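Novice: Structure below; questions to follow.
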Amino acid sequence: MTLQNQLQELRGQVDEINLKILDLLNQRARIVSDIGKVQAQLGTSFYDPQREAQMLTMLEQANQGPFSNETIKALFREIFRASMALEEKEARAKILVQRKSPDDRTVITLPDGVTRIGDGGFQVITGPCAVESLEQMEETAAALAARGIKIIRGMAYKPRTSPYDFQGLGEPGLKIARQVANKYGMFVTSEIMDASQIPMMSDYVDIFWVGARNMQNSFLLKALGQVRQPIILKRGLSATLEEFLYAAEYIVSSGNPNVILIERGIRTFERWTRNTLDIGGVTVLKLESHLPVIVDISHSAGRRDIAVPLARVAKASGADGLMVEVHPNPPVAMSDAKQQLTIPQFHELMDALATA
Ligand code: PEP
Ligand code: MN
């Protein structure tokens with residue numbers, strides 16, 4: 001046999017082994033995936049470092065060379081990593097709020113059939129922090145209507161830090177919000193605190209909203225999965241993006257696909273803004289999820305003097321709109337006095353957005 005022939009023969013053997021390894025690797029991946037399914041039923045974690053260490057020890061003991069134990073362990077660790085990555089990819093594909101393709105987007109249409117959130121336009125949701133009186137809502141709504149705003153906000157139940165602060169007008173506040181919204185052809189959104197309020201609030205609101213402090217109230221989220229109105233879900237004060245999306249998953253997996261995510265700033269060491277607007281998070285949410293994302297420039301800043309640049313940033317980030325608080329007389333507002341825009345400032349903001 002010539003050396004050339006010998007080389008070919010040996011290469012043939014390597015090719016055959018490669019194919020066997022390929023087949024074995026894929027067989028292994030399928031079995032590992034079955035293990036993942038059993039673990040899911042048992043409620044145990046897919047990642048089991050003890051089991052990994054056990055497999056590596058077994059391989060070390062069986063290794064006869066010429067590869068060193070270190071080389072064998074490095075190769076198998078790579079195989080374990082690949083299996084983990086495959087499992088994570090499959091797990092992500094099962095998450096309902098996860099974007100499956102670049103053009104996958106949830107578009108929410110309000111009852112007039114033309115007001116949409118998530119269709120590529122930029123919705124401005126605005127109104128005072130809280131409903132305080134008919135006069136206050138009337139004056140605000142008239143200004144909003146002049147700029148074509150379709151969704152008015154106003155809380156009737158306020159989750160305040162101190163129990164001695166204004167807690168909201170309750171149902172009479174919702175009545176006021178409904179009355180002015182009807183007058184100006186607007187939709188109402190207001191915060192819900194507890195699942196027991198769903199039947200009563202359904203008479204007044206077009207969009208339920210879950211505040212930051214309730215983002216992880218899974219009972220409330222599941223209950224809102226059963227309503228027909230869309231749900232605004234605000235990011236928790238210290239919630240990661242993953243926790244935020246899982247909270248949305250509670251609502252969607254319970255039957256309501258119409259969820260709007262709101263980034264409202266997160267707690268950091270910074271004190272010159274009330275919270276830190278996570279604009280990078282907004283772009284990541286847009287990539288990871290098909291749900292509309294809105295930027296709350298009021299609670300993320302806690303101050304009105306940077307509203308215009310923040311609104312521009314929100315629009316440039318690819319968000320589906322913004323939320324901003326407006327009050328006819330912010331210094332006397334019963335909550336969030338420092339951040340609510342005056343009506344002239346609201347008009348300036350709308351002018352700035354028109355050219356952004
Ligand atoms: C609000 O929108 O007025 C509010 C209290 O928001 P958050 O739940 O984000 O603090
Ligand atoms: Mn507020």
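Any read-out appearing in this document is the output of simple, stated calculations on the displayed coordinates, not a laboratory observation. Computed from a predicted model, the values in this text were never measured in an experiment. We place every Cβ from the backbone using ideal geometry, glycine too, and count neighbours over all the protein chains shown.
Novice: To one decimal place, what orientation-averaged projected area in nm² is obtained for the convex hull of the Cα set of the range 3-94?
Specialist: About 7.8 nm², averaged over all directions.
Novice: Using θ = phi - 60° and the Karplus curve 6.51 cos²θ - 1.76 cosθ + 1.60, what whole-Hz ³J(HN,Hα) does each residue of the range 187-201 get, with Gly and Pro shown as x?
Specialist: Once θ is set to phi - 60°, the couplings for the range 187-201 become 9, 9, 10, 8, 6, 9, 9, 8, 4, 5, 7, 4, x, 5, 5 Hz.
Novice: If the only charges are +1 at each Lys and Arg Cβ and -1 at each Asp and Glu Cβ, what is the size of the charge dipole of the chain around the Cα centre, to the nearest 20 debye? Can you show the working numbers first?
Specialist: Values: 39 positive and 41 negative charges, 50 e Å.
Approximately 240 debye in magnitude.
Novice: When the chain is fully extended, how far beyond the present Cα-Cα distance does Asn26 get from Ala93, taking 0.36 nm per residue of separation?
Specialist: Working it through step by step, the gained length comes to 22.1 nm.
Novice: Take the residue pairs Lys37/Lys100; Lys183/Lys222; Lys222/Lys286; Lys94/Lys150; Lys150/Lys234; Lys183/Lys286 and return only those whose Cα atoms are more than 29 Å apart.
Specialist: Lys183/Lys222; Lys94/Lys150; Lys183/Lys286
Novice: Ok, one more. Using bins 10 angstrom wide from zero, how does P(r) for the range 30-157 break down, in % of all Cα pairs?
Specialist: 9, 22, 17, 12, 14, 13, 8, 4, 1
Novice: Also, quick follow-up: To the nearest 10 degrees, how steep is helix 307-316 against the longest Cα principal axis of the chain, on a 0 to 90 scale?
Specialist: Helix 307-316 sits roughly 40 degrees off the main axis of the chain.
Novice: Then there's this: Taking every pair of alpha-carbon atoms in the chain, give the share separated by more than 32 Å as a whole percent.
Specialist: Details: 27267 of 63190 pairs.
Of all Cα-Cα pairs in the chain, 43 percent lie more than 32 Å apart.
Novice: Calculate, in nm to one decimal, what Thr161 and Met84 gain on full extension: separation in residues at 0.36 nm each, minus their alpha carbon distance.
Specialist: Working: separation 77, 0.36 × 77 = 27.72 nm, distance 4.24 nm.
Full extension from Thr161 to Met84 adds 23.5 nm.
Novice: Still on this structure, I have one more. How do Asp103, Asp165 rank when sorted from fewest to most other Cβ atoms within 10 Å of their own Cβ?
Specialist: Fewest to most other Cβ atoms nearby, the residues stand as Asp103, Asp165.
Novice: Which residue, Thr268, Thr189, Gln216, has the largest displacement toward the positive end of the dipole of the range 180-274 when charges sit on each Cβ (Lys, Arg +1; Asp, Glu -1)?
Specialist: Thr268
Novice: Based only on other Cβ atoms within 10 Å, what is the fewest-to-most ordering of Ile207, Ile343, Ile231?
Specialist: So the residues, fewest neighbours to most, are Ile343, Ile207, Ile231.
Novice: Farthest toward the dipole's positive end in the range 143-214, which of Tyr204, Gln167, Ile151, given Cβ charges of +1 (Lys, Arg) and -1 (Asp, Glu) about the Cα centre?
Specialist: Selected residue: Ile151.
Novice: Given a Förster radius of 45 Å and the C-beta distance between Phe122 and Gln39 as r, what FRET efficiency does 1/(1 + (r/R0)^6) yield to the nearest 0.05?
Specialist: The formula returns an efficiency of 0.55 here.
Novice: If you don't mind, there's one more thing I want to ask. For the range 193-328, with equal point scatterers placed on the C-alpha atoms only and solvent neglected, what are the log10 I(q)/I(0) values from the Debye formula at q = 0.09, 0.13, 0.14, 0.16 1/Å, to two decimals?
Specialist: With no solvent term, the Cα-only Debye profile gives -0.25, -0.53, -0.62, -0.80.
Novice: A follow-up question, please. Just the projected area, averaged over all directions, of the convex hull on the alpha carbon atoms of the range 100-230: how many nm²?
Specialist: About 9.2 nm², averaged over all directions.
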